[in-house]
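Have a look at the structure below, then the notes.
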Amino acid sequence: MIGFIGGGRMTEALIKGIVSSRQSAVSSLLVSEPREDRRKYFEQTYGIKTTESNREVASSCSIIILAVKPQDMDNVLDEIADLITEEKTIVSIAAGITFSYLQKKLNTKKIIRVMPNTPAIIQEGMSVISLCECFSDRDIATVREIFMSVGKVITLPEKYMNVVTALSGSGPAFIALFIEAMVEGGVKMGLSVDDALTLTVQTSLGTSRLLDEGISPSKLRDMVTSPGGTTAEGLKVFGNRGLKEIVIDAIEAATRRAEDLGKTVDSKQ
């Protein structure tokens with residue numbers, strides 16, 4: 001069985017993806033969640049079994065996905081540690097929680113770190129997997145399939161997980177801020193909020209599709225920009241205000257924060 005400890009939005013996104021790709025998987029899913037209303041929601045919406053006991057998930061599932069906040073991880077691991085055997089696979093999706101910390105708490109090497117992001121809610125997520133060499137292709141295949149059901153997946157060494165957290169984990173918020181600013185600019189120039197939002201969102205979607213087809217960002221920018229035209233005038237403002245440097249600094253700041261969260265957790269050991 002595949003078990004989820006924590007019934008938040010990412011757990012729901014993953015369950016929705018799993019069930020959408022393979023309806024027969026419903027009977028092999030179990031979620032532990034302290035809120036009764038949330039448990040009933042999962043049961044009624046997806047037809048899966050739920051429990052309020054984290055230990056039930058730990059004892060009955062071969063793959064256990066830890067979908068709790070980093071600050072709650074310590075208590076959860078203490079609660080289930082004695083039930084984790086070497087045959088079980090532990091998957092953590094908590095930012096900043098390192099392999100070394102998880103291995104000390106659970107005394108096992110079969111641990112996978114994954115950083116998914118919010119667009120997984122609509123099966124357009126980006127997930128990065130990091131794992132040790134102790135896993136066979138068969139072991140990792142099921143975990144990869146889980147996250148592929150909600151979007152794209154790549155595998156990277158753990159040393160990159162903090163910048164992954166900043167780039168794709170925090171990225172949706174950064175992109176949303178830029179879109180929000182574009183909408184406000186359109187409104188300032190006379191558009192209604194609805195029209196400005198429609199224009200901006202569809203432009204963002206189309207641009208993303210072009211980039212996904214293999215056009216580089218610089219090439220696309222050149223395709224749109226004519227000398228002395230409207231795009232060039234707008235890009236000049238971005239350049240004068242240091243937009244690129246601001247974005248790079250934001251990614252660096254978010255990465256450093258992810259590093260700090262990991263150090264804080266590790267210091268408890």
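The values are calculated or read from the model by the stated rules, or taken from the named source; none is laboratory data. This one's a predicted model, so the numbers in the text were calculated from it and none came from an experiment. Positions of Cβ are generated from backbone atoms using ideal geometry, with glycine treated the same way; all protein chains shown enter the neighbour counts. Keep in mind that these areas ignore ligands, DNA and RNA; they rest on the heavy atoms of the full protein, side chains included. Shrake-Rupley method; radii C 1.70, N 1.55, O 1.52, S 1.80 Å.
Is it fair to say LEU177 is among the hydrophobic types (A, V, I, L, M, F, W, C) and either more than 30 Å from GLY96 (Cβ to Cβ) or surrounded by 12 or more Cβ atoms within 10 Å (Cβ to Cβ) (or both)?
In short, no.
State which residue is surrounded by the fewest Cβ atoms within 10 Å (Cβ to Cβ) when the search covers only segment 63-90 and only residues that are acidic (Asp, Glu) and under 23 Å from the mean Cα position of the chain (by Cα).
That would be ASP72.
In segment 174-203, which residue that is hydrophobic (A, V, I, L, M, F, W, C) and touching a Ser or Thr at 6+ places or on another chain (Cβ under 8 Å) is nearest to GLY125 (Cα to Cα)?
So, considering only residues that are hydrophobic (A, V, I, L, M, F, W, C) and touching a Ser or Thr at 6+ places or on another chain (Cβ under 8 Å), the one nearest to GLY125 (Cα to Cα) is ILE175.
Can you name the strands (runs of 3 or more DSSP E) wholly within segment 1-62 that have at least 1 residues being touching a Lys or Arg at 6+ places or on another chain (Cβ under 9 Å) and either at pLDDT 95 or above or open to solvent by 10 Å² or more (accessible area, probe 1.4 Å) (or both)?
Result: 29-32, 49-51.
Only one of these is touching a strand residue (DSSP E or B) at 6+ places or on another chain (Cβ under 9 Å) and farther than 20 Å from GLU12 by Cβ: LYS104, LYS88. Name it.
Answer to the check: LYS88.
For segment 63-95, name all the residues that are in contact with a Ser or Thr (Cβ under 8 Å, 6 or more places away or on another chain), more than 23 Å from GLU133 (Cβ to Cβ) and not in a helix (DSSP H, G or I).
ALA67, ALA95
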